[in-house]
Amino acid sequence: MTGVETRSVARDSLFLLADIRVEKNAEPHRVRVRNLSDGGMMGEGNLRVQRGHRLTIDMRNIGVVGGTVAWVQDNRFGIAFDEEIDSQKARRPLQAGEEANTGMIERSWVHRAPAPSEPTLLRKL
């Protein structure tokens, strides 16, 4: 590889999760989004795709986007979106009242560490 950057679109390195549906398969697959630009993304995960496959990608703050697999290498793949998106929206936190349609588990404080013991009740060893 050369050290010359040939891309005409800026892209962001980030770590997001997205749900991808391959062609007309109804089962979504959770993948990691490693790079994201307005025109496409690099995904990583245990998803068997081939160049030319049609996909729908559901990303936080973006919604559902259609695209085509542009390249595949091991467990990474590139997707060219059908229409440009505002990739900066994916970095923004959800606003109050917005639906968190990410499939992420809500934070739970049920499993907190116990409160520290009273120092006078501790026994020296």
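The values are calculated or read from the model by the stated rules, or taken from the named source; none is laboratory data. What you are looking at is a predicted structure, and each value in this text was computed from that prediction instead of being measured. No Cβ is skipped: glycine too gets one built from the backbone with ideal geometry, and neighbour counts run over all protein chains shown.
Here are the numbers for the structure shown:
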item	result
Single residue of segment 36-56 satisfying the filter (of a type in the set (A, V, I, L, M) and in a loop (DSSP other than H, G, I, E, B)) that is nearest to Thr68 (Cα to Cα)	Val49
Residue in segment 69-78 that is surrounded by 17 or more Cβ atoms within 10 Å (Cβ to Cβ) and touching a helix residue (DSSP H, G or I) at 6+ places or on another chain (Cβ under 6 Å) present	no
Count of residues meeting criterion [crowded, with 16+ Cβ neighbours inside 10 Å and modelled with pLDDT under 90] in segment 20-60	2
